1. Only one of (1) closer than 20 Å to residue 105 by Cβ; (2) within 16 Å of the ligand (Cβ to nearest atom) fails for residue 168. Which number is that?
2. It is to be established whether one or more residues within segment 279-292 are over 21 Å from the mean Cα position of the chain (by Cα) and more than 16 Å from the ligand (Cβ to nearest atom).
3. Conditions first: (1) within 16 Å of the ligand (Cβ to nearest atom); (2) touching a strand residue (DSSP E or B) at 6+ places or on another chain (Cβ under 8 Å); (3) outside the structural domain of residue 150 (by TED's automatic domain parsing). Residue 262 passes all but one, so which condition is the exception?
4. Please tell me if residue 274 is assigned by TED's automatic domain parsing to the domain that holds residue 381, part of a loop (DSSP other than H, G, I, E, B) and either within 13 Å of the ligand (Cβ to nearest atom) or under 21 Å from the mean Cα position of the chain (by Cα) (or both).
5. Could you check, for segment 39-56, whether at least one of its residues is on the phi > 0 side of the Ramachandran plot, modelled with pLDDT of 95 or more, out of contact with any helix residue (DSSP H, G or I) (no Cβ under 6 Å at 6 or more places or on another chain) and in the same structural domain as residue 215 (by TED's automatic domain parsing)?
6. Which ones in segment 227-248 are assigned to a strand (DSSP E or B) and surrounded by 23 or more Cβ atoms within 10 Å (Cβ to Cβ)?
7. With 137, 141 as the choices, which residue is part of a strand (DSSP E or B) and over 28 Å from residue 218 (Cα atoms)?
Ligand code: NAD
């Protein structure tokens with residue numbers, strides 16, 4: 001039986017169990033039982049975290065890159081060593097099946113490794129001079145300053161890990177605010193960095209009311225960078241706050257990923273990959289495939305097979321059973337959102353082929369749901385569902401598929417399956433998204449940039465971009481003498 005830790009904040013190197021604004025309950029979404037509580041930071045505690053991050057920045061930005069790398073690499077090693085225990089806590093907090101929780105945690109260690117190594121590699125560049133009197137034009141990437149990192153509950157290790165590692169590698173200090181429902185994962189990740197030898201104050205962790213905390217931290221003149229992962233609506237609000245202080249802002253927001261499935265695609269492998277990926281993390285993934293656009297010749301067969309596979313998924317409390325394939329939704333609000341979405345699907349809006357209801361058992365469970373031929377105007381086809389719901393639409397020619405795929409303001413991930421080289425080239429060029437994957441669904445590797453366009457945000461995390469996002473460009477140009 002996994003014990004849920006006592007959640008503490010980390011402020012100026014001190015672990016703080018008591019919130020100045022009280023505490024908030026933490027509930028296991030698989031059985032709705034209270035498993036613990038987390039402190040709610042007061043403004044005074046936030047100010048202490050800001051002061052620590054300010055001092056931490058002076059220290060860390062002047063620490064040689066090789067030393068920053070060594071601390072970050074050690075944190076990744078500790079995360080790998082502790083992955084099993086952390087994954088168990090993740091399942092308790094947000095319901096993710098164990099194999100997925102473990103994969104997320106070890107994958108996050110790889111992300112930390114990659115970003116830490118960038119600290120050693122990013123040396124800036126020398127630009128050729130235009131006159132004999134000029135000795136040097138040196139362009140460097142300077143750490144931007146204390147960063148505020150705001151993360152959601154759906155990947156409670158991966159998302160904080162890539163923000164923290166990018167910030168620390170670049171020489172920034174940081175204040176992390178995790179989602180209200182998953183503070184223990186954030187605490188265990190923070191412990192890895194502190195146990196790796198990170199100096200006090202360089203990384204701080206605060207919990208509590210998201211609106212109050214984000215407004216207070218973003219408004220502070222100490223904060224120079226804000227990185228947020230979450231909904232488009234909140235991202236726009238936070239972007240407006242960051243703009244008032246001319247602060248760098250990286251929003252990684254919602255998506256509504258299309259999947260174009262051509263007639264030439266390997267049918268069995270494609271439908272298996274679609275079913276496995278759609279219901280990963282119960283569909284609560286910003287790059288989850290949600291709009292399946294299928295060539296008419298294979299449409300009926302695809303709907304039938306996708307639905308059959310979705311109904312075979314083992315659903316349950318993953319904290320009790322490692323063979324569970326789909327856990328609960330993260331909180332009651334997500335079930336209500338799914339029910340609301342289903343309520344909108346009546347009449348000519350689409351046919352519910354399978355699923356469509358909440359499970360009649362304790363916990364926030366919702367059935368894997370397949371909807372055939374949803375109308376283009378339906379809520380399912382226009383709003384991010386963020387749950388275990390797939391809409392499947394037939395298309396007649398590839399241009400029509402691309403038109404539907406590109407019809408929304410979201411642009412995070414897009415996918416396609418085809419055996420045709422021509423089609424693959426055309427789709428890679430014309431699908432409008434920050435990330436396009438053809439014949440697979442993996443867009444989150446440590447080495448490659450992860451980010452969207454349009455209403456899905458801007459900027460990238462992971463890859464070299466995940467480091468550069470915490471820097472600003474500086475030119476130093478030196479002449480022999482005054483002209
Ligand atoms: P929600 O908007 O209540 O919360 C989502 C996340 O945003 C939480 O982590 C919360 O802490 C944070 N948040 C909310 N208001 C905030 C504020 N003012 N300042 C800072 N952080 C704030 O919605 P929910 O029902 O919990 O989640 C569902 C929605 O959130 C989905 O529609 C989805 O778009 C979005 N979401 C996106 C991602 C992603 O990876 N892009 C992850 C989780 C949630």
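1. The one condition residue 168 does not meet is (2).
2. Checking segment 279-292: at least one residue is over 21 Å from the mean Cα position of the chain (by Cα) and more than 16 Å from the ligand (Cβ to nearest atom).
3. Result: residue 262 passes all but (1).
4. When the stated conditions are applied, residue 274 does not pass them.
5. No; the residues of segment 39-56 include none that is on the phi > 0 side of the Ramachandran plot, modelled with pLDDT of 95 or more, out of contact with any helix residue (DSSP H, G or I) (no Cβ under 6 Å at 6 or more places or on another chain) and in the same structural domain as residue 215 (by TED's automatic domain parsing).
6. 227, 228, 229
7. Of the residues listed, the single one that is part of a strand (DSSP E or B) and over 28 Å from residue 218 (Cα atoms) is 137.
For (1) buried (at least 17 other Cβ atoms within 10 Å of the Cβ); (2) closer than 19 Å to residue 167 by Cβ, each residue gets a yes or a no:
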site: 65; (1), (2): yes, yes
site: 71; (1), (2): yes, yes
site: 74; (1), (2): yes, yes
site: 87; (1), (2): yes, no
site: 93; (1), (2): yes, no
site: 101; (1), (2): yes, no
site: 119; (1), (2): yes, yes
site: 138; (1), (2): no, no
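The values are calculated or read from the model by the stated rules, or taken from the named source; none is laboratory data. It should be emphasised that the depicted structure is a prediction, and the values quoted were computed from it without experimental measurement. Glycine also receives a Cβ, built like all others from the backbone with ideal geometry; neighbour counts cover every protein chain displayed.
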